[in-house]
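S.K.: Questions regarding the structure given below will be posed in turn.
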Amino acid sequence: MPHAPTARRRLHRLLTTALGAVLAVTAATAPARADVGDVTEFPITTVADGFPAGITAGPDGALWFTESGVGRIGRITTRGDVTDYALPTADGFPFDITEGPDGALWFSEGVAGVIGRITTKGRVTEFPLPWAGAYPLGITRGADRALWFADGGTNSIGRITTSGRAVSYPIPTPDAYPYHVAAAPDGSVWFTEIIAGKIGRVDRSGTVTEFALPTGYEFPSDIASGPGGMWFTASDRIGRISPSGTVTLYLRPHQDGGADGITRGPDGNMWYADQSGYIGRITPYGRITEFPVAGGADTVPFNIATGPDRNIWFTELIGNAVGRLQALPGPAAGPYAAAPAHAPARPSTRAFDPGRLPTRAPVPALALAKAKAHAPGRAAHRPVRPARRLPCAPADGRGVPVPCR
């Protein structure tokens, strides 16, 4: 893993990679009060470069996460006690994880080309995908009691039953690079196309529909169901797409990083992880507040989930830690609870630079090669995208648009 600051900054812009054993963790100093926005971090102290990536609430009242750099699946209680389990494929690159319909946790292994299953007791089963070139990434539980996943290697959306039977549905746009998936209330599954700059939907029959984002230069990352449709992160923006395909984009207050994971919180708002060192909250009407993580951008807050304790939990990709953020006011709410929200800013007008568009090569594969070689590799960072002027978004509960200036 490169240690130079420049390499670290590059990794902030892309998916990076590359214990059962028991890990001892220590909680970093955290404020004593229980205010909205208070953060506690639980460093993983016995293994370096674990690169915790995906995270989800488990059926056992704990949080489960992937350790992409060391080929393990971790479990953390709401008190911060960590246990983790080695996978059969040590360098399989476990990336995303979700609770399955069978009471187990299901996860993707991109390099290994398999979908994995782990019970709450730590028993692991791997299901190799039956087609060549598979590189599964995001994974979610569908309404049909199957697991759905994004296959960046074959440019398709996959479906696997709990018995291990898998099928895939090709995406019409070539080299779209599907990244994350999420189930919608109507039974469909939505996904992001990180290279094509589109949001896709696959219905119960397997029909794929794509919706281009307004600017054409956004890099949609994670996606989750929320108020009014599906919400997604797109670097310096948070987006919402309605069931009919109408897209609204909101600029984040801090645009020097890149928003990644997103989830619906216990307060009815959407919460997201910002790689520049913040956890953000956005209301259904686009009002944004961002809360700083102690380690800042050096930790790279990456993925996020609502925990069984009604708090927000997130992974720190480079910080090698799992964090917890207070999502609801405590008994004595303090300054954070009253922090002013940031209304959606007007669209960016940065100049277009064709040289900063992404390559077509699979981003995770390049990052993996770089990490394994412990030396700089081909450039595969997410470029800073220019943006056309967007329709102004609603700013308050009355749905009154912000005048464009």
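S.K.: Listed residues 133, 138, 116; which is farther than 18 Å from residue 101 by Cβ and either open to solvent by less than 30 Å² (accessible area, probe 1.4 Å) or part of a loop (DSSP other than H, G, I, E, B) (or both)?
M.R.: Just one listed residue meets the conditions, 133.
S.K.: Specify which of the listed residues (201, 240) is open to solvent by 10 Å² or more (accessible area, probe 1.4 Å), farther than 18 Å from residue 304 by Cα and in a strand (DSSP E or B).
M.R.: After ruling out the rest, the residue left standing is 201.
S.K.: Which of the numbered conditions does residue 64 fail, given that it passes all the others? Conditions: (1) open to solvent by less than 20 Å² (accessible area, probe 1.4 Å); (2) more than 24 Å from residue 320 (Cβ to Cβ); (3) of a type outside the set (Ser, Thr, Tyr); (4) not in a loop (DSSP other than H, G, I, E, B).
M.R.: In the conditions (1) open to solvent by less than 20 Å² (accessible area, probe 1.4 Å); (2) more than 24 Å from residue 320 (Cβ to Cβ); (3) of a type outside the set (Ser, Thr, Tyr); (4) not in a loop (DSSP other than H, G, I, E, B), residue 64 misses (2) alone.
S.K.: Given the conditions (1) assigned to a strand (DSSP E or B); (2) touching an Asp or Glu at 6+ places or on another chain (Cβ under 9 Å), and given that residue 196 satisfies all but one, which numbered condition is not satisfied?
M.R.: (1)
S.K.: Condition test on residue 89, is it in a loop (DSSP other than H, G, I, E, B), surrounded by fewer than 20 Cβ atoms within 10 Å (Cβ to Cβ), β-branched (Val, Ile, Thr) and at pLDDT below 50?
M.R.: No: the conditions fail for residue 89.
S.K.: Out of the residues in the range 38-61 meeting the condition of being closer than 26 Å to residue 100 by Cβ and assigned to a strand (DSSP E or B), tell me which one is modelled with the lowest pLDDT.
M.R.: Result: 44.
S.K.: Which of the residues belonging to the range 308-336 are open to solvent by 30 Å² or more (accessible area, probe 1.4 Å) and at pLDDT below 90?
M.R.: 329, 331, 332, 333, 335, 336, listed by residue number.
S.K.: Still on this structure, I have one more. Scan the range 248-307 for residues that are of a type in the set (Asp, Glu) and either surrounded by fewer than 21 Cβ atoms within 10 Å (Cβ to Cβ) or touching a Ser or Thr at 6+ places or on another chain (Cβ under 7 Å) (or both) and jot them down.
M.R.: Matches in the range 248-307: 256, 260, 267, 298.
A quick yes/no check of all residues on (1) touching a Cys at 6+ places or on another chain (Cβ under 6 Å); (2) over 15 Å from residue 108 (Cα atoms); (3) buried (at least 20 other Cβ atoms within 10 Å of the Cβ):
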position: 123; (1), (2), (3): no, yes, no
position: 143; (1), (2), (3): no, yes, no
position: 164; (1), (2), (3): no, no, no
position: 206; (1), (2), (3): no, yes, no
position: 226; (1), (2), (3): no, yes, yes
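S.K.: Still on this structure, please answer the following. Does residue 353 qualify as being open to solvent by 40 Å² or more (accessible area, probe 1.4 Å), charged (D, E, K, R), at pLDDT below 90 and within 20 Å of residue 255 (Cβ to Cβ)?
M.R.: Spelling it out, residue 353 is indeed open to solvent by 40 Å² or more (accessible area, probe 1.4 Å), charged (D, E, K, R), at pLDDT below 90 and within 20 Å of residue 255 (Cβ to Cβ).
S.K.: Separate question: If the requirement is being aromatic (Phe, Trp, Tyr) and over 30 Å from residue 154 (Cα atoms), which of these qualifies: 211, 219, 232, 291?
M.R.: Residue meeting the stated conditions: 291.
S.K.: Consider the range 243-280. How many of its residues are touching a helix residue (DSSP H, G or I) at 6+ places or on another chain (Cβ under 9 Å) and in a loop (DSSP other than H, G, I, E, B)?
M.R.: Adding up the residues that qualify gives 6.
S.K.: Within the range 145-162, track down each residue that is open to solvent by 10 Å² or more (accessible area, probe 1.4 Å) and over 19 Å from residue 210 (Cα atoms).
M.R.: Selection gives 145, 161, 162.
S.K.: On the given criteria, is residue 83 in contact with a strand residue (DSSP E or B) (Cβ under 8 Å, 6 or more places away or on another chain), surrounded by fewer than 24 Cβ atoms within 10 Å (Cβ to Cβ) and assigned to a loop (DSSP other than H, G, I, E, B)?
M.R.: So residue 83 does not fit the description; no.
S.K.: Determine the pairs where a residue that is farther than 13 Å from residue 212 by Cα, located within the range 243-257, has a partner that is outside any loop (DSSP other than H, G, I, E, B) and small (Gly, Ala, Ser) with Cβ atoms under 7 Å apart, the partner being 6 or more residues away or on another chain.
M.R.: That search, which allows pairs on different chains as well, returns 243/229; 251/345; 252/259; 252/280; 257/297.
S.K.: Sticking with this structure for a sec: Restricting the first residue to the range 71-83 and requiring it to be over 16 Å from residue 49 (Cα atoms), which pairs with a second residue that is outside any strand (DSSP E or B) and among the acidic types (Asp, Glu) meet a Cβ separation below 6 Å and a spacing of at least six or different chains?
M.R.: As it stands, the answer is 78/309, since those pairs meet every condition given.
S.K.: For residue 195, are the conditions met, namely being open to solvent by 30 Å² or more (accessible area, probe 1.4 Å) and either under 16 Å from the mean Cα position of the chain (by Cα) or under 18 Å from residue 261 (Cβ atoms) (or both)?
M.R.: yes
S.K.: Which residues, counting only those in the range 171-193, are of a type outside the set (S, T, N, Q) and assigned to a loop (DSSP other than H, G, I, E, B)?
M.R.: Passing the criteria: 171, 172, 174, 175, 176, 177, 184, 185, 186, 187.
S.K.: Return the pair list, or none, for Cβ contacts closer than 7 Å from residues in the range 131-151 that are among the acidic types (Asp, Glu) to residues that are open to solvent by 20 Å² or more (accessible area, probe 1.4 Å), at least 6 apart or on different chains.
M.R.: From residues that are among the acidic types (Asp, Glu), the pairs are 144/204; 151/135; 151/168.
The values are calculated or read from the model by the stated rules, or taken from the named source; none is laboratory data. Predicted, not measured: the structure shown is a model, and the values here were computed from it. Cβ sites come from the backbone with ideal geometry, for glycine too, and all protein chains shown count toward neighbours. For accessibility, only protein heavy atoms count, side chains too; no ligands or nucleic acids. Shrake-Rupley method; radii C 1.70, N 1.55, O 1.52, S 1.80 Å.
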